[in-house]
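The values are calculated or read from the model by the stated rules, or taken from the named source; none is laboratory data. Since this is a predicted model, take the numbers as computed values, not measurements. In this analysis, Cβ positions are derived from the backbone assuming ideal geometry, glycine residues included, and neighbour counts consider all displayed protein chains.
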Ligand code: AMP
Ligand code: ZN
């Protein structure tokens, strides 16, 4: 049965949920702003890719032929989005005394490892910024005469040359957040560099010749060029974190308008992409999300503490992507328990299909799930329908599997391949081995059978002393767990 609820998505450009109408019949073309590979991604960054993944999976589920592109920024992203500061890549390479190429490769691989661990599907293409520099120069040449001016430090885009600049951010051109004039000679405070010249007497590790002298492309230019080159303007959906709504994406839109020789944004197609979608932030009050803090919140830290990475994916799905999500270890622990419960429900042998009209019940489940996910990706609601299916009595294993598989293609929690043993990850700090734990538990069982409760308690305390919590009567059937 084909999914039938109309898909509506919230468009940041119009600030409305709109029915999705593809540019090309039956297709969906999506561009996601990818990571700047100068450091490990934190789990907040990964929320942006879990969101883009659920969007892509939903478009596939709805029957569209999906082309998803995610870029890898390996040059041009400054430490401040508004043209101030140093190139993040150059700075890290200098700090680590390594070549930029090595830094980029290392952190790209680390990012891909997180993508894999979170069961994020591979996009059709990963575009790497340094592969597109020639096209970036061509794009800049095409818009320079009408929209740009040159200063000593680079080629600048004059935002007053396009209509509706900043509509996405809803910021005033001169006073919006972050619009501090830091470069002398800029015509408007919001003007931004599309080509940054290497200062005289300096050499950058990454620089290219251009009509404006040796230098490197601006970060905003990169995304305009890569998205247009691979997907063609206009394409359907552009995604990123909500911070990109303020500077990066308005600047991409301005360049796209200039490039496509179109003006006002009343026709959303003039912005390069019809729909601009933004995930809200994952927040953490104690500042551990900062890449400069000691124990910074990488996915690997979660794993080191004994949490399966898909518990983090589930944590993300439990909140709507447009809501802020507060991170806590308790919340992550609860998500892990919920994932365990899903596996248990799935593994329970079910009574065979009863007499009732099963096809009607199946249609009802499918319809409710479809409605939830089609309503601007309401994953919290979709999850509850999924769980209802997993624990529905009398549905029969075959039916249950077929419905659940259909839903799982959107949720991506990998529950059909995971085992409960997979979810039990050994915290890195643990010193006791599983064999030792099992042996002590066996001895404890013997003691209890012999009604030697003093010994049984002593063994339990011994385990507790080594970080193992014995879980007698655990409703999920877990005998023990290691404290993180
Ligand atoms: P960056 O590598 O800094 O360009 O960031 C990669 C992606 O993560 C971008 O889409 C950002 O908007 C997004 N992002 C950054 N911080 C957070 C956060 N705390 N929660 C969710 N998304 C974030
Ligand atoms: Zn981008």
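Numbers for the structure displayed
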read-out: Test set (1) away from ligand 1 (no atom under 16 Å from the Cβ); (2) surrounded by 17 or more Cβ atoms within 10 Å (Cβ to Cβ); (3) in a helix (DSSP H, G or I) - residue 274 fails condition number; value: (3)
read-out: Residue within the stretch 252-271 that is assigned to a helix (DSSP H, G or I), closer than 23 Å to residue 137 by Cβ, within 14 Å of ligand 1 (Cβ to nearest atom) and at pLDDT 95 or above present; value: yes
read-out: Residue list for the stretch 25-41, filter: surrounded by fewer than 21 Cβ atoms within 10 Å (Cβ to Cβ), in contact (Cβ under 8 Å) with a residue 12 or more places away in the chain and more than 16 Å from ligand 1 (Cβ to nearest atom); value: 26, 27
read-out: Among the candidates 297, 346, 339, 383, residue that is away from ligand 2 (no atom under 16 Å from the Cβ) and under 30 Å from residue 14 (Cβ atoms); value: 383
read-out: Evaluation of residue 389 against (1) at pLDDT below 95; (2) out of contact with any helix residue (DSSP H, G or I) (no Cβ under 9 Å at 6 or more places or on another chain) (one fails), failing number; value: (2)
read-out: Hey, residue 236 within 13 Å of ligand 2 (Cβ to nearest atom), more than 16 Å from residue 73 (Cα to Cα) and either at pLDDT 95 or above or part of a helix (DSSP H, G or I) (or both) or not; value: no
read-out: Verdict on residue 246 being within 15 Å of ligand 1 (Cβ to nearest atom), under 30 Å from the mean Cα position of the chain (by Cα) and buried (at least 24 other Cβ atoms within 10 Å of the Cβ); value: no
read-out: Residue in the stretch 88-101 that is within 16 Å of ligand 2 (Cβ to nearest atom) and either farther than 22 Å from residue 251 by Cβ or touching a helix residue (DSSP H, G or I) at 6+ places or on another chain (Cβ under 8 Å) (or both) present; value: yes
read-out: Positions within the stretch 42-92 being buried (at least 23 other Cβ atoms within 10 Å of the Cβ), outside any strand (DSSP E or B) and modelled with pLDDT under 95, in sequence order; value: 74, 75, 76, 83, 89
read-out: Given (1) in a loop (DSSP other than H, G, I, E, B); (2) on the phi < 0 side of the Ramachandran plot, index of the condition residue 473 fails; value: (2)
read-out: Some residue of the stretch 202-224 being away from ligand 1 (no atom under 16 Å from the Cβ), closer than 27 Å to residue 24 by Cβ, surrounded by 19 or more Cβ atoms within 10 Å (Cβ to Cβ) and more than 20 Å from the chain's Cα centre (by Cα); value: no
read-out: Residues that are crowded, with 22+ Cβ neighbours inside 10 Å, more than 13 Å from residue 43 (Cβ to Cβ) and in contact with a strand residue (DSSP E or B) (Cβ under 8 Å, 6 or more places away or on another chain), drawn from the stretch 307-349; value: 321
read-out: Residue selected from the stretch 256-289 under the condition within 25 Å of the chain's Cα centre (by Cα), over 25 Å from residue 17 (Cα atoms) and in contact (Cβ under 8 Å) with a residue 60 or more places away in the chain, by the criterion farthest from ligand 2 (Cβ to nearest atom); value: 284
read-out: Residue 73 being under 16 Å from the mean Cα position of the chain (by Cα), within 16 Å of ligand 1 (Cβ to nearest atom) and within 21 Å of residue 154 (Cβ to Cβ); value: yes
